[in-house]
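To start, the structure itself, in structure tokens.
The values are calculated or read from the model by the stated rules, or taken from the named source; none is laboratory data. The structure displayed is predicted, hence computed values, not measured ones. Methodologically, a virtual Cβ is constructed for each residue, glycine included, from the backbone with ideal geometry; neighbour enumeration extends over all protein chains shown. Please note that ligands, DNA and RNA were not included when accessible areas were found on the heavy atoms of the full protein model with its side chains. Shrake-Rupley method; radii C 1.70, N 1.55, O 1.52, S 1.80 Å.
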Amino acid sequence: MEFDRQLILYCRAGYEGECAAQVQAVAAEAGVHGFCRAVPDTGYLGFNAPDAAALAGWFEHLELDELVFARQLFLAGEPLEQLAPEDRLTPILRALAGQVFGGVLVETPDAEATRPLMRLCRKFRVPLERALEHRGMLRPGDPERPLLHLLFTDSTTVIPGRSRPGQGSPWPMGIPRLKLGRGAPSRSALKLEEALVTLLDADEREATLRPGLEAVDLGAAPGGWTWQLVRDGLMVTAVDNGPLAPELAASPQVEHRREDGFAFRPDRPVEWLVCDMVEQPSRVAELMADWLARGDCRRALFNLKLPMRRRQQAVADCRERIEARLARAGIGIRLSIRQLYHDRDEVTAYLRRV
Ligand SMILES: C[S@@+](CC[C@H](N)C(=O)[O-])C[C@H]1O[C@@H](n2cnc3c(N)ncnc32)[C@H](O)[C@@H]1O
């Protein structure tokens, strides 16, 4: 089977329009012209380009990090339809015959209608992997081999596809399985944890999330993000007029400052600035850029709350403001902006000096 029919992207249900507009724009910049087939609230979409070779060539270099609203991506082949519930495996193996993969992700869109298929995906994975291995079609962890994606859009239809190892999300459906740690003051702790495992690589996490380093958390209450950083051993200044969870407030690693997050500055530079204040995204973006430009922090991780309309433009506007401010300061940066699983009507940004 050729995997060159369309690019499949998963996104938050309700964000298909934003995801489609962005992938079309990114593709067009690379000279690949195409159109999206997106049905609202399905949690996924397909980008088709009449020039299949151009699509495949562009996909080779495409990184998930370039697409704000996409959780996962793969290049798809022909959908396999009318799979019999008693034997879905045989036609899939037949269609994939002759190919060798380095791993398998069995997935379904994260949407109301398809969520019940998650059970099927979980049950199907092990027999599929066994069957592929038995036929020499799976070499787990082989970095030279593509990953196989199987996207169930209903219980009898699957879209097969491939991605480069490391190109998409390592987690099925682009959703890391995280469990809220005991003692976390709010579920927001998971939001920061997801950002840290998604936007930083292992080396970066090891170097920057360790005892001895300092962080400032703007809009910290009740303390989920602060708790997450404390767990990694950092000293945290938690800035918020609201109360922190009492146990966290009593921690020797935490200093609670009841101040305005837009006015607070640390006495000396810190490694991390994190910010979850519910504020206009442009204001937050300017603030984050200013901290970096003035050398108050080395890296910033923050949420940008999205407006009801023109959400893609709001993200682009924040990016422009940050890039312009740091260009004026002569500071090289890298900025990743992604809508993560735990982000509702918001995106998470990670800004660092390079
Ligand atoms: C979504 S909550 C933060 C949740 C937090 N990240 C956690 O993990 O528990 C937003 C917080 O921002 C605070 N906030 C909003 N505007 C602020 C400002 N100008 N200065 C300081 N805190 C602010 C609010 O008081 C609120 O506690």
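The figures follow:
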quantity: Residue satisfying all of: in the range 174-184; in contact with a helix residue (DSSP H, G or I) (Cβ under 9 Å, 6 or more places away or on another chain) and open to solvent by 40 Å² or more (accessible area, probe 1.4 Å); nearest to the ligand (Cβ to nearest atom) among these; calculated: Leu180
quantity: Arg12 open to solvent by 10 Å² or more (accessible area, probe 1.4 Å), in contact with a Phe, Trp or Tyr (Cβ under 8 Å, 6 or more places away or on another chain) and basic (Lys, Arg); calculated: yes
quantity: Matching entry among Gly242, Gly261, Gly233 (being surrounded by fewer than 20 Cβ atoms within 10 Å (Cβ to Cβ), of a type outside the set (Val, Ile, Thr) and within 12 Å of the ligand (Cβ to nearest atom)); calculated: Gly242
quantity: When residues of the range 130-158 are limited to those that are under 18 Å from Leu45 (Cβ atoms) and open to solvent by 10 Å² or more (accessible area, probe 1.4 Å), the one nearest to the ligand (Cβ to nearest atom); calculated: Thr153
quantity: Residue match in the range 4-18 (condition: in contact with a helix residue (DSSP H, G or I) (Cβ under 6 Å, 6 or more places away or on another chain) and small (Gly, Ala, Ser)); calculated: no
quantity: Listing of strands (runs of 3 or more DSSP E) fully contained in the range 140-226 that carry 1 or more residues being within 19 Å of Ala70 (Cα to Cα); calculated: 147-154, 157-163
quantity: Subset of the range 221-230 [of a type in the set (A, V, I, L, M) and within 6 Å of the ligand (Cβ to nearest atom)]; calculated: Ala221
quantity: Residue within the range 278-299 that is in contact with a Ser or Thr (Cβ under 9 Å, 6 or more places away or on another chain) and within 8 Å of the ligand (Cβ to nearest atom) present; calculated: no
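Table: residues versus (1) farther than 23 Å from Arg119 by Cα; (2) within 23 Å of the chain's Cα centre (by Cα).
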site: Glu18; (1), (2): yes, yes
site: Gln24; (1), (2): yes, yes
site: Gly34; (1), (2): yes, no
site: Arg37; (1), (2): yes, yes
site: Leu64; (1), (2): yes, yes
site: Leu67; (1), (2): yes, yes
site: Asp87; (1), (2): no, no
